[in-house]
Amino acid sequence: MEGKLVERLEAAVARLEALAAGGGISARGLPDIGGADMSSDPSIVAFDDLMDQYAAKVSGAAEKIGGQVLDVSKLLLEAFSVEKKLLMEIKQTQKPDMAGLAEFLKPLNEVIMKVNSMAEARGSEFINHFKSAAESLSALAWIAYTGKDCGMSMPIAHVEESWQAAEFYNNKVLVVYKTKDPNHVEWAKALKELYLPGLRGYVKSHYPLGPVWNASGKKVSAAPSKAPQSGAPAPPCPPPASHFTSEPSKASSSQPKQGMSAVFQELSSGNVTAGLRKVTDDMKAKNRTDRTGVVSTSEKQTSSTPSTTTPTVKKVAPPKLELQMGRKWAVENHIGNKNLLIDDCDAKQSVYVFGCKDSVLQIQGKVNNITLDKCTKMGVLFKDVVAAFEIVNCNGVEAQCQGSAPTISVDNTSGAQLYLSKDSLEAAITTAKSIDINVLVPGATSDADW
């Protein structure tokens, strides 16, 4: 036993000397912080092993690719290095309150925000690399778990859920570079291994119930109150009950619902499948004999109306609702159709809604991800998504989640109403280049207003 301990100490000293003498990107990122007394701690040694075994693969693949992929990989490893520093400080720190915890985690948050900035940039051919890294880094937030009432999943589940959101973009990297560049494929596979089984196994072995703070350690004080900065964590939200006790709320509840809100209320109230259009086998792409779409009688009559002048005809693609290649539901170019329904789906399929206007789509069952692109006054009612629900280039859309959604993103959109269920209150919601975005959560009771 003593011999093994001596070997570990010698190895730790050798690593510190190498870090002091070396340069460039390293699997360990930043130099160790905390002193020699931490180098023999089992959890810290295990974190070093995690970096040696898995992060080194990400580093090696990134160096082969170079450029922006190398830059985002450096930031990713820096975030892991900061996490190691925080784990070492936790062993010497008392458990802080929410404000103190936000201040304690600020160094980690700042690095993650740098990666998020790269993921939000436009025009890079490596955007899927950036988004995969940005989504995956949310897994490091397991360190903020303080108990079952803290508003997040337990550490192991949180790591798994965070990677599920990142895997959507990581798979895109694999598909795009499968036959183009094996180095990118190696990077994507190494990134996944860093979290599954890497980080998940580490958390399961050492912190399955969250970090263990030192009751007799130093205290963490919150930062002085000042104007919020772009990278600083937001303060805790007030209790939901405070949003439903004011007079304006009561007055609004007495008014009849209008527009998409009325549609969602009707769909949620009773027999939601009554009158909805069913997707039969002959409507699926693999069984169809034509791809021209169906034109209604009213549309024919409208197009045949005589006119004294030559009208300007805008070419519009036919409406479509079909399953393509067994993996992707395509819902396109529907106008004024509030009875769209997808009820034969599974968690491996995705849903892509494009160019729809004044329509409502209901998705029954779990799917991998849902994307709304260039839609106007579109409503979507869905249950569960594995990766993400995305709204891009839309105007005046509404979406209601009846189950769970780990990630919701809104990009370049004007006017969006998001209705969350109690199971989706932990969703990570991100917006970019968007205005008038509202998030509505359930009231304290079933009869309370949103």
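The values are calculated or read from the model by the stated rules, or taken from the named source; none is laboratory data. Predicted, not measured: the structure shown is a model, and the values here were computed from it. All Cβ positions, even for glycine, are placed from backbone atoms using ideal geometry, and neighbour counts span all protein chains on display. Please note that ligands, DNA and RNA were not included when accessible areas were found on the heavy atoms of the full protein model with its side chains. Shrake-Rupley method; radii C 1.70, N 1.55, O 1.52, S 1.80 Å.
Descriptive notes on the structure:
- Conditions (1) over 26 Å from residue 121 (Cα atoms); (2) open to solvent by less than 50 Å² (accessible area, probe 1.4 Å); number of the one not met by residue 338: (2)
- Cβ pairs under 7 Å, 6+ apart, first in the range 335-350 and within 7 Å of residue 367 (Cα to Cα), second loosely packed, with under 14 Cβ neighbours inside 10 Å: 348/327; 349/327; 350/327
- The residue that is modelled with the lowest pLDDT, counting only those in the range 120-174 that are among the basic types (Lys, Arg) and closer than 24 Å to residue 431 by Cβ, is 122.
- Those residues of the range 66-93 which are open to solvent by 40 Å² or more (accessible area, probe 1.4 Å), at pLDDT 90 or above and either of a type outside the set (Gly, Ala, Ser) or not assigned by the TED database to the domain that holds residue 48 (or both), in sequence order: 68, 71, 74, 78, 85, 89
- The range 158-182, subset among the hydrophobic types (A, V, I, L, M, F, W, C) and closer than 21 Å to residue 124 by Cβ, residue nearest to the chain's Cα centre (by Cα): 165
- Test: residue in the range 107-115 that is part of a loop (DSSP other than H, G, I, E, B), open to solvent by less than 40 Å² (accessible area, probe 1.4 Å) and closer than 30 Å to residue 219 by Cα: no
- Residue 279 vs. criteria open to solvent by less than 40 Å² (accessible area, probe 1.4 Å), outside the structural domain of residue 393 (by the TED database) and either at pLDDT 55 or above or in a strand (DSSP E or B) (or both): yes
- Close contacts from the range 200-222, counting a first residue that is outside the structural domain of residue 136 (by the TED database) and closer than 19 Å to residue 150 by Cβ and a second that is open to solvent by 100 Å² or more (accessible area, probe 1.4 Å) and assigned to a helix (DSSP H, G or I), with Cβ to Cβ under 9 Å and a gap of 6+ residues or different chains, come to 222/98.
- Every residue from the range 409-427 that is more than 13 Å from residue 391 (Cα to Cα) and open to solvent by 50 Å² or more (accessible area, probe 1.4 Å): 422, 423, 425, 426
- The listed residue being touching a strand residue (DSSP E or B) at 6+ places or on another chain (Cβ under 7 Å), buried (at least 21 other Cβ atoms within 10 Å of the Cβ), in a helix (DSSP H, G or I) and in the same structural domain as residue 204 (by the TED database), out of 165, 61, 133: 165
- Test for residue 236: is it surrounded by 11 or more Cβ atoms within 10 Å (Cβ to Cβ), at pLDDT below 90 and touching a helix residue (DSSP H, G or I) at 6+ places or on another chain (Cβ under 8 Å): yes
- Qualifying residue in the range 165-179 (condition: in contact (Cβ under 8 Å) with a residue 40 or more places away in the chain and under 16 Å from residue 202 (Cα atoms)): no
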